[in-house]
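Chemist: After the structure tokens below, expect a handful of questions from me.
The values are calculated or read from the model by the stated rules, or taken from the named source; none is laboratory data. In this text the structure is predicted, and so the values were computed from the model without any measurement. Every residue, glycine among them, receives a Cβ derived from its backbone with ideal geometry; neighbour counts consider all protein chains shown. These accessible areas exclude ligands, DNA and RNA; they are computed on the full protein's heavy atoms, side chains included. Shrake-Rupley method; radii C 1.70, N 1.55, O 1.52, S 1.80 Å.
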Amino acid sequence: MTVFAFTESIRYRLTVASRVAAAAVGGYALTSALALLMALLWPVWPGVEGSQVLSFAVYVPIVLWAFHARSVWRVWGWLMLWTLLASGLCWWLLRQGGAA
Amino acid sequence: MKKGFRQSMVWLHTWAGLVSGWVLFLVFLTGSATYFKDEITRWMQPERPLHSQVQSLPSTTEMAVQGLEFLRSHADGEAYWVIRLPNDGSRAGNNGSRGYPTDLRVWWNQGLQNATLDPITGVEKLPVLTRSTEGGELFRGLHWQLHYIDTQAGMYIVGVCSLIALLALITGVVAHKKIFADFFTFRLRKGPRSWLDGHNVVGVMALPFFVMMLYTGLAERQTYLFPVPAKLSPDARKPVAMPLPEASKPIAYADIPLRDILSKAEQKIGAGEIGEIAFHRSGVYTPWAKARSVPIIAVSRSWGTQLPFTYLDSNLQYNALTGEFIGGSEFGQDPRVRTKWWMVGLHRAWFAGAGLRWLLFISGLLGCVMIATGLVLWSVKRREKHIQRNAVPFGLRLVEWLNVGTLVGLPVGVAAYFWANRLLPVSMADRADWEVHCLFFTWGWLLLYAALRPIQRAWPEMLWLATAAFGLIPVLNALTTNKHLGATLAHGDWVLAGVDLTMLVLAAVFGFAAWKVQRKQANERRDTSVGKSATSTEVPA
């Protein structure tokens, strides 16, 4: 029984650590990708500086969601998906800009 | 992760607050002090004369001509001169002179050499020899870069903690169910409930200020915290073309139509508004101004007279040969960077006069109280759970130790910094560094003391120590200098008197806290001895 309780506690702590990592690293990656996307789509305003200023306003809701979502797997999943989509769009836009 | 949104936010609020709390306490404390950094610096240099009635200054043009005469006789070959005109100290002023009249100063040799001139005669004045001290600038450095560690690392630590603090603030608001009703709720003597009410009231009182300060503070460092857009977008990757025309020989002083240019500038920005006159006698090549190959006279305002308050704002450039107006500086004007500079100006309150700065200072200290009540609330709540048990979890003991050691220890350290300023020998080597060491040594010793004393004893003892540390500063001032309250109040030097008086107010605050804690503990002891439960905090009327 105590062994089970111990593993449960370890599992809980790993879940928390995973969420923190997801919010910190994954959330940061998504925010950066979205900020870059904003800067590429609207270079005059918000542009590079503006999208950096807005990054914080984007990051906070992402972190709040990461700690509220039902399971850690969902958090990682959605973060990776959206980061991939945003980065892909950025990469395509950068290629376009370079060619032109 | 928990059942409801509010519960998840409470969990996040607690942990974000715990992780960033002590660092943020330091940041809010030093940030509040930074609003008065120039005043503190002046207090820490008691050799400087008292603020006396400002003698009526001659006109802008006459003073500029005095400066020019001096530069011509001392630095004729130089291509770059600057003349900074004096002001009466009511403005933020150029470089550390708020609340104190500034002098007429000139710079040459790429700004490395300067001289202070008498505004009427143009003769060089010798600067007053003051004791070596960092003054209020220490607080500014501590506020965003910490100390003793690499400045970049310190900046990142403060930046990350501020981001976590922003999270704590937002989750705090989200978790607060009855935010309007609770504003009028303050239940005294109910243990953790009272701490929660205190935390809520203080948190809500200056909430817009906290959100603004955290956000604008982060915005200042945005390029470091979120570098991706700047690094990867095509704008940023294009190299900036810097044309470098041939530097021509500096034009002669006599050829510059100075009076003409100054009168035109005053027409544009208003009489008496000119703060600084720069002479680029062979052209301008600085990164922030458009490169120009003609000799330029650049006229600008005093810092702090107009948002976005970049010190090159409304920098008017005139052709030095013909006196023709060429254009203004572009620094801070580009709509893309303007937002950021507005935020920097807001955060540093460049626009604020004395009254508004006092308000911001008090709001900053309210931030410290909000953080302190939050941290104490956490430990009080956990304590209640363990009141019967002998084995107290390590986490709780750690938090209680850090609480008393930092929430009281750091302010006492700041008081020690002021004590050191008055007590360290003036001729001591590295004196400025040792004043700062005294701050940290005191804090360190108090952390050690807090680790060795039972927490119940440590709180009142350290609070009384803080009371004495702050309250005796005016006395120490009177014993060691001639700029004590007796002299400063008599001469109406409100800046210096203000520092002493603020120490007394802080002492009163700590004294009140010490008295309350002592009374509460005495009541608890009395209740325990007559057989009542030790957790009861009800005091008979």
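Chemist: Exactly one of (1) at pLDDT 90 or above; (2) of a type in the set (D, E, K, R); (3) within 30 Å of the chain's Cα centre (by Cα) is unmet by residue B:348. Its number?
Modeler: (1)
Chemist: Would it be correct to say that residue A:92 is among the aromatic types (Phe, Trp, Tyr), within 26 Å of residue B:166 (Cα to Cα) and either more than 10 Å from the chain's Cα centre (by Cα) or more than 9 Å from chain B (Cβ to nearest Cβ) (or both)?
Modeler: No.
Chemist: Just one of the numbered conditions (1) within 14 Å of chain A (Cβ to nearest Cβ); (2) touching a residue at least 12 places away in the same chain (Cβ under 8 Å); (3) open to solvent by 40 Å² or more (accessible area, probe 1.4 Å) is not true of residue B:15; which one?
Modeler: Among (1) within 14 Å of chain A (Cβ to nearest Cβ); (2) touching a residue at least 12 places away in the same chain (Cβ under 8 Å); (3) open to solvent by 40 Å² or more (accessible area, probe 1.4 Å), the lone unmet condition for residue B:15 is (2).
Chemist: Still on this structure, please answer the following. Of the conditions (1) touching a residue at least 24 places away in the same chain (Cβ under 8 Å); (2) hydroxyl-bearing (Ser, Thr, Tyr); (3) facing another protein chain (nearest Cβ under 10 Å), residue A:71 clears all except one; give me its number.
Modeler: (1)
Chemist: Additional query: Are any of the residues in the stretch B:39-47 more than 24 Å from the chain's Cα centre (by Cα) and among the aliphatic types (A, V, I, L, M)?
Modeler: no
Chemist: For the stretch A:57-68, state whether one or more residues are on the phi < 0 side of the Ramachandran plot, touching a Ser or Thr at 6+ places or on another chain (Cβ under 7 Å), modelled with pLDDT under 90 and within 7 Å of chain B (Cβ to nearest Cβ).
Modeler: Within the stretch A:57-68 (the criterion being on the phi < 0 side of the Ramachandran plot, touching a Ser or Thr at 6+ places or on another chain (Cβ under 7 Å), modelled with pLDDT under 90 and within 7 Å of chain B (Cβ to nearest Cβ)), the answer is no, since none of the residues qualifies.
Chemist: Kindly provide the set of residues from the stretch B:430-447 that are under 17 Å from residue B:411 (Cβ atoms) and open to solvent by 30 Å² or more (accessible area, probe 1.4 Å), ordered by number.
Modeler: B:438, B:440, B:441, B:442, B:443, B:444, B:445, B:447
Chemist: Looking at A:41, A:85, A:54, A:81, which one is open to solvent by 50 Å² or more (accessible area, probe 1.4 Å) and touching a residue at least 40 places away in the same chain (Cβ under 8 Å)? Walk me through how you get there before you give the answer.
Modeler: Working: A:85 fails: touching a residue at least 40 places away in the same chain (Cβ under 8 Å); A:54 fails: touching a residue at least 40 places away in the same chain (Cβ under 8 Å); A:81 fails: touching a residue at least 40 places away in the same chain (Cβ under 8 Å).
Going through A:41, A:85, A:54, A:81 in turn, the sole match is A:41.
Chemist: Here is a further query. Hey, residue A:35 hits all of (1) at the interface with another protein chain (Cβ under 7 Å from one of its Cβ atoms); (2) modelled with pLDDT under 90; (3) assigned to a helix (DSSP H, G or I) but one; which does it fall short on?
Modeler: All conditions are met except number (2).
Chemist: What is the one condition in (1) modelled with pLDDT of 90 or more; (2) open to solvent by 40 Å² or more (accessible area, probe 1.4 Å); (3) out of contact with any Ser or Thr (no Cβ under 7 Å at 6 or more places or on another chain) that residue B:22 does not satisfy?
Modeler: So residue B:22 meets the others, but not (3).
Chemist: Given the residues A:81, A:30, which is the only one that is under 19 Å from residue B:160 (Cα atoms), more than 10 Å from chain B (Cβ to nearest Cβ) and modelled with pLDDT of 95 or more?
Modeler: A:30
Chemist: Mind listing whichever residues of the stretch A:42-100 are among the basic types (Lys, Arg) and within 14 Å of residue A:18 (Cα to Cα)?
Modeler: Listed by number, the residues that qualify are A:70, A:74.
Chemist: Kindly indicate whether residue B:12 is modelled with pLDDT of 85 or more, farther than 30 Å from residue B:117 by Cα and of a type outside the set (Asp, Glu). Full working, then the answer.
Modeler: Numbers: modelled with pLDDT of 85 or more: yes; farther than 30 Å from residue B:117 by Cα: yes; of a type outside the set (Asp, Glu): yes.
Yes, satisfied.
Chemist: Right, another one. Tell me which residues, restricted to the stretch B:306-345, are of a type in the set (S, T, N, Q) and at pLDDT 80 or above.
Modeler: Those that are of a type in the set (S, T, N, Q) and at pLDDT 80 or above: B:317, B:319, B:322.
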